[in-house]
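The values are calculated or read from the model by the stated rules, or taken from the named source; none is laboratory data. Nothing here was measured: the structure is a model prediction, and the numbers come from that model. No Cβ is skipped: glycine too gets one built from the backbone with ideal geometry, and neighbour counts run over all protein chains shown.
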Amino acid sequence: MPPHCSPSRIRAWQVGPGFVRRPSRLTDVFSRYRLVGALVGGLCLLLCTDGLAADVPPARGSAAPAADPGRWVLWLPEQSVSSLLAVPEAAAPPLLAMIVDDSIQQRFTSDVLARKWAVGPASLPWNALALELIVKYQQNPLRAARVLAHVHAAANDAIGELAATRSGEAAQAVAVHVASAAVLAHFYPRESPGRLEALGIGAMLAVAAKSGISPEALAAARQAGHRIAAAAIRRALDDGGDATWNPADRPAAAAPVWRAAPPLNLYQPTESLAGRWRTWALTDGGEIAPPPPPPYGSDRHREEAREVLQVSRALTAEQKRIADEWNLDKGSVTPPGVWNRKAINLVARHRLDTAETARLLAALNVAMADALVACWRAKFEHWTVRPVNVIREQLDPSFLPYLFTPPFPAYVSGHAAASGAAAEVFAAFFPEQAGELHAAAAEAAMSRLYGGIHFRSDNDEGLRLGRAIGRRVIKRSLGDRHLRASDKSAPPVVQ
């Protein structure tokens, strides 16, 4: 049984005085003084984690679109939240007493802490930390998107629990810190015991000390973050991400069927069951699907193979640069991470506040997660062969593409699908920049043709798939009027 599905982890859903957590790990770290230890540890970690938080000026006059009146969309199932117990009222006073203690307040009002954790949108330091962990644990793009979607859905929903339009930004930040720390701790159980939980406590106290939030508002925000974190963890344990593929399900060998590609010749496909993972805005990974790929051996299929060969033989320096910059496998932030970095830049440019940033990052990451699930559903429905195999068998026996061919079927491109979804979401939030964002998505898709690892139809249909899913997410997140407003800037998509 995977470590994060063990009975001890499942029992940790129960709500206690701090976070959704692993009691055994926290007991080892904090012993009988675990709360004081968490405060000290949180302070030290906050002071020592340079680079986690983005330097973003305080939000004012932001240009983010307002959702339809009365809308604050929650991404986690309502029953998962409502069925969980609230934090007992008796659990709050010890922590609240420490917050009003002058010596504790002085520690958490330092300029360093305020600048990193109590200024700017609260989701940003957790986004940066998630990307660091994705690189550290060398997660593939699907796993990266899964983590980012859960973390930012939890941040969005934690604010929603407080009634987004009526709660102050300090309370929203506290809820985001509590929820984000607990969700990341679930996904990265190999981190130093208590590290992520302590970061969450320290961030919460930095906000509380700087803002002067009332004890009652702080307690409510902690409870909201805690409840939503439990719901996000429950969803992660039941989303299919831990299922194991049976190699006997592989289709019989044939010329049109995906197989190991030289020079690596990796036989086992990556994440064969990802197309069955639970989706966020779709009913399942097959609800929005691309059309069938060009038939193997057809005129169009042969033409696309020749195109890959011709492009590969005449690559320009600029095409090589594009192929290299978008070649983001495990060990990098992956394509979802690149689009999250673009989001951070847009947040700073438009001076979004905590609630607006949480809504943007949730929409972005659930769209990319759903796009990759739908993409993998198509890959393992069609099992299409990669260009290198076709070209070596039919056109040039010595051909090798500019990039290493990844070990899974071709149709459709994951880079294209995730990028199409991201650009569609951004275009609705920032319509004045839609053109450059769609161009970036098109470049991400074309990078795979330049790399010699995808046919043109893989990229074109991947983009259309991602855009269609992005539009579905925008319709749910912002409403029909923003969907209609984006029509002028968006390329045609499948419906």
**Message:** Condition check: within 22 Å of the chain's Cα centre (by Cα) and either farther than 20 Å from V311 by Cα or surrounded by fewer than 24 Cβ atoms within 10 Å (Cβ to Cβ) (or both). Does G435 satisfy that?
**Reply:** no
**Message:** Need the failing condition index for V119 against (1) assigned to a helix (DSSP H, G or I); (2) modelled with pLDDT under 95, just the number.
**Reply:** (1)
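Quick check on the stretch 300-322. Is at least one of its residues outside any helix (DSSP H, G or I), farther than 21 Å from N389 by Cα and either assigned by TED's automatic domain parsing to the domain that holds A440 or hydroxyl-bearing (S, T, Y) (or both)?
Among the residues of the stretch 300-322, at least one is outside any helix (DSSP H, G or I), farther than 21 Å from N389 by Cα and either assigned by TED's automatic domain parsing to the domain that holds A440 or hydroxyl-bearing (S, T, Y) (or both), which makes the answer yes.
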**Prompt:** If you take the residues of the stretch 152-166 that are assigned to a loop (DSSP other than H, G, I, E, B) and within 16 Å of P121 (Cβ to Cβ), which of them is modelled with the lowest pLDDT?
**Reply:** A164
**Asked** Looking at R306, R321, which one is charged (D, E, K, R), surrounded by fewer than 21 Cβ atoms within 10 Å (Cβ to Cβ) and under 27 Å from A255 (Cβ atoms)?
**Response** R306
**Item:** Selection from the stretch 247-294 of residues that are surrounded by fewer than 16 Cβ atoms within 10 Å (Cβ to Cβ), in a loop (DSSP other than H, G, I, E, B) and of a type in the set (D, E, K, R)
**Value:** D284, E287
**Request:** Kindly check whether there is at least one residue in the stretch 355-375 that is in contact with a strand residue (DSSP E or B) (Cβ under 7 Å, 6 or more places away or on another chain) and of a type in the set (A, V, I, L, M, F, W, C).
**Result:** no
**Message:** Exactly one condition in (1) modelled with pLDDT of 90 or more; (2) assigned to a helix (DSSP H, G or I); (3) polar (S, T, N, Q) is false for Q139; which is it?
**Reply:** (2)
**Prompt:** With (1) out of contact with any His (no Cβ under 7 Å at 6 or more places or on another chain); (2) farther than 22 Å from E216 by Cα; (3) at pLDDT 50 or above as the list, and A97 as the residue in question, which single condition is left unmet?
**Reply:** (2)
**Asked** Do you know which residues across the stretch 257-282 are closer than 14 Å to P247 by Cα and of a type in the set (S, T, Y)?
**Response** Y267, T270, S272
**Prompt:** Can you list the helices (runs of 4 or more DSSP H) found entirely within the stretch 373-482 that contain at least 3 residues being without any contact (Cβ under 8 Å) to a residue 24 or more places away in the chain?
**Reply:** 434-450
**Request:** All but one of (1) under 23 Å from A468 (Cα atoms); (2) surrounded by 24 or more Cβ atoms within 10 Å (Cβ to Cβ) hold for F380, so report the exception by its number.
**Result:** (2)
**Message:** With the structure loaded, tell me whether L361 is in contact with a helix residue (DSSP H, G or I) (Cβ under 6 Å, 6 or more places away or on another chain), over 28 Å from G470 (Cα atoms) and not in a loop (DSSP other than H, G, I, E, B) or whether it fails that test.
**Reply:** no
**Request:** Return yes when E132 is more than 30 Å from P407 (Cβ to Cβ) and part of a helix (DSSP H, G or I) and no when it is not.
**Result:** no
**Fill in**
The condition of being surrounded by 15 or more Cβ atoms within 10 Å (Cβ to Cβ), more than 30 Å from T384 (Cα to Cα) and out of contact with any Lys or Arg (no Cβ under 9 Å at 6 or more places or on another chain) holds, among H226, H186, only for H226
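Results for (1) surrounded by 19 or more Cβ atoms within 10 Å (Cβ to Cβ); (2) at pLDDT 95 or above, shown as yes or no for each residue.
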{"site": "P193", "(1), (2)": "no, no"}
{"site": "G202", "(1), (2)": "yes, no"}
{"site": "S214", "(1), (2)": "no, no"}
{"site": "R234", "(1), (2)": "yes, yes"}
{"site": "G240", "(1), (2)": "no, yes"}
